[in-house]
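In what follows, a single structure is set out as structure tokens and then discussed.
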Amino acid sequence: MQQAAILQNLQFHPERALLTSIMETPFSKEIRICMKENTALKSHKAAAAIVVEVVEGEIIFETENEVLTMQKGMLVSLEANVLHSLKANQDSVIRLSVSKQVERPEHQH
């Protein structure tokens, strides 16, 4: 069993998001993102499926097709390689879960 405390030792940078790996398992990597109000993560893609959870604060989560205002307790999932960005409306703590599951090709008969 592993343990981690997402709200311990929080650090915020005035100009950019701070990412900290808090746990790694055989099936996922858990990352804490601390974002000061008005900081942003520019559009990018994740190589694997992800789940983003707002632990504290409020962010704008944007994909090519949708803009979500996410508050404390809200989650969103994305498949791999979906372009997305984040902007903090308030000082925010975000949990990012990155899947290690590998996409399997369809079985050929």
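The values are calculated or read from the model by the stated rules, or taken from the named source; none is laboratory data. Owing to the predicted nature of the structure, the values given are computational and were not obtained by experimental measurement. Please note: Cβ atoms are built from the backbone with ideal geometry, for glycine as well, and neighbour counts cover all protein chains shown. The protein model used for the area step is the full one, side chains on, heavy atoms only, and it has no ligands, DNA or RNA in it. Shrake-Rupley method; radii C 1.70, N 1.55, O 1.52, S 1.80 Å.
Treating r as the C-beta distance of residue 1 and residue 77 and R0 as 30 Å, the FRET efficiency rounds to 0.75.
Can you send over the carbon and sulfur percentage of the accessible area for region 14-59, probe radius 1.4 Å, protein chains only?
Answer for region 14-59: carbon and sulfur cover 53 percent of the accessible area.
Amide H contacts of residue 22 (H built 1.01 Å from N, in plane; Pro and chain starts excluded): 30, 31, 32 sit under 5 Å, all sequence-distant by 5 or more or on other chains. Rounded to the nearest 20, the Cβ-based charge dipole of region 1-81 about its Cα centre (Lys and Arg +1, Asp and Glu -1) stands at 240 debye.
A Förster radius of 25 Å, combined with the Cβ-Cβ distance separating residue 15 from residue 101, puts the computed FRET efficiency at roughly 0.15. Peptides 67-80, 84-97, 3-16 ranked from most to least packed, by the mean per-residue count of other Cβ atoms within 10 Å: 84-97, 67-80, 3-16. Here the spin labels are modelled as points 7 Å beyond Cα on the Cα-Cβ line, and at residue 38 and residue 64 they lie 3.2 nm apart. Amide H to amide H distances under 5 Å link residue 82 with 46, where only residues 5 or more positions off or on other chains count and H is placed in the peptide plane. So for the chain, averaging the separation of alpha carbon pairs under 8 Å that are six or more residues apart and normalising by length, what relative contact order in percent results? That works out to 32 percent. Along region 47-63 the Karplus relation, 6.51 cos²θ - 1.76 cosθ + 1.60 evaluated at θ = phi - 60°, assigns HN-Hα couplings of 6, 10, 5, 9, 10, 10, 10, 7, 8, 9, x, 8, 10, 9, 10, 10, 10 Hz to successive residues, with x for each Gly and Pro. Taking amide hydrogens as placed 1.01 Å from N in the peptide plane, the amide H of residue 91 sits under 5 Å from those of 37, each at least 5 positions away in sequence or on another chain.
A crude spin-label estimate for the pair residue 89 and residue 51, with each label 7 Å from Cα along the Cβ direction, gives 2.3 nm. Considering only 90, 38, 9, the residue lying farthest towards the positive end of the dipole of the chain is 9, judged by Cα position with unit charges set on Cβ.
Computed from backbone phi, the HN-Hα couplings of region 78-86 come to 9, 5, 4, 6, 9, 5, 8, 9, 9 Hz, rounded to whole numbers (Karplus: 6.51 cos²θ - 1.76 cosθ + 1.60, θ = phi - 60°; Gly and Pro given as x). Rolling a 1.4 Å probe across the protein heavy atoms gives the chain an accessible surface of 69 Å² per residue. Extents of the chain, largest first, come to 55, 39, 22 Å (Cα atoms, principal axes, whole angstrom).
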